[in-house]
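Structure first, commentary second.
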Amino acid sequence: MADLVRELRVPVVCQFVKPELKDSNPNTTEIFYSPEVDVQGQDVLLVEALVQSGVTTEFLMRNLHGRGAASVRLATLLDKQSARRIPLQPDYFGFLLNESFVVGYGLGAPHLGRTLPYIAARPEVPRG
């Protein structure tokens, strides 16, 4: 996101939210996030590193619209359309992704390649 913000030529306010997915019931998925963001009348750019299923992203976009955002757009570095569970198309994306697991540039499992200055693909999620 820092690289993206450095390229924008309009005033920007960055707010980080941490969504948390809870599958407490097989028929219901709950998504909690914090902190609350005041978006009334604002144009919002939701930035994701990786969009996969789209469930959390679609929830956040719907929630931001519902709280009065003038517009909500989605930008993602990596778009893994093959993992999509709901129809969702980012407004802006860097790369389409088919690999099952990537590391580097802040992505990956804890203690596994998040600090790499580039993105590398692994054929599967490592165990252990």
Criterion: more than 24 Å from Val5 (Cβ to Cβ) and small (Gly, Ala, Ser) - qualifying residue of Ala75, Ala83 | Ala83
Answer residue from the stretch 101-128, given it is hydroxyl-bearing (Ser, Thr, Tyr) and more than 24 Å from Leu46 (Cβ to Cβ) and is modelled with the highest pLDDT among those = Tyr118
Search result, residues across the stretch 72-100 that are modelled with pLDDT under 90 and open to solvent by less than 30 Å² (accessible area, probe 1.4 Å) | Leu97
Report, by residue number, each residue of the stretch 19-45 that is modelled with pLDDT under 75, assigned to a strand (DSSP E or B) and within 21 Å of Ser71 (Cα to Cα).
-> Pro19, Tyr33, Ser34
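When you check Glu48 against the structure, is it modelled with pLDDT of 80 or more, within 27 Å of Leu96 (Cα to Cα) and exposed (fewer than 10 other Cβ atoms within 10 Å of the Cβ), yes or no? Lay out the reasoning, then the answer.
On the way: modelled with pLDDT of 80 or more: yes; within 27 Å of Leu96 (Cα to Cα): yes; exposed (fewer than 10 other Cβ atoms within 10 Å of the Cβ): no.
No, not satisfied.
The values are calculated or read from the model by the stated rules, or taken from the named source; none is laboratory data. Since the model is a prediction, treat every value here as computed from it, not as a measurement. Here the Cβ is made from the backbone with ideal geometry for all residues, glycine too, and neighbour counts use every protein chain on show. Calculation scope for accessible area: heavy atoms of the full protein, side chains included, ligands and nucleic acids excluded. Shrake-Rupley method; radii C 1.70, N 1.55, O 1.52, S 1.80 Å.
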